[in-house]
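Colleague: Pasting a structure below so you can have a look.
Derivation of every value follows stated rules applied to the coordinates shown; laboratory data play no part. For clarity, every value in this text was computed on a predicted model and none was experimentally measured. Note: ideal-geometry Cβ built from the backbone for every residue, glycine included; neighbour counts use all protein chains shown.
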Amino acid sequence: MASGGTATLNLNTGNFKKIPILLPSDEELNAFHKEVKAFFDKIYTNQTQILTLTALRDTLLPKLMSGEVRVEK
């Protein structure tokens, strides 16, 4: 199905069109969505928190290092 290339094999588009692709039913897609939605929601929440914390660190760290801001014990 593939021909030689210098570093990788090249796939002919005519052969590529012949490759069968399995598509899940709507029921299977909905079941998958129900299973993974909580994971993706958590990933999104974590990414948002990471961006917030990164911005906070980038703002506070120079001020702490220069003594402009102090932390009480």
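Colleague: Which of the trypsin sites (Lys or Arg not before Pro) across region 11-61 are loop residues per DSSP, with 15 or fewer other Cβ within 10 Å?
Modeller: Hits after loop and neighbour filter: Lys17, Lys18.
Colleague: Report, in degrees rounded to the nearest 10, the 0 to 90 angle that the Cα long axis of helix 26-66 makes with the longest principal axis of the chain.
Modeller: The answer is roughly 30 degrees.
Colleague: Is region 23-73 rounded, prolate or oblate when judged by the Cα gyration tensor, a ≥ b ≥ c being the square roots of its eigenvalues, rounded requiring a/c under 1.5 and prolate requiring a/b larger than b/c?
Modeller: prolate
Colleague: What number comes out for the charge environment of Glu28, summing +1 per Lys or Arg and -1 per Asp or Glu over other residues with Cβ under 14 Å away?
Modeller: Neighbourhood net charge equals -2.
Colleague: Now a separate question. How far apart, in nm, are two points set 7 Å out from the Cα along the Cα-to-Cβ line at Ile21 and at Thr59?
Modeller: In this crude label model, Ile21 to Thr59 measures out at 4.5 nm.
Colleague: Name the residue, out of Leu53, Leu61, Leu29, whose mean-square fluctuation peaks in a Gaussian network model built on the chain with Cα pairs under 10 Å.
Modeller: Among Leu53, Leu61, Leu29, the largest mean-square fluctuation in the Gaussian network model of the chain belongs to Leu61.
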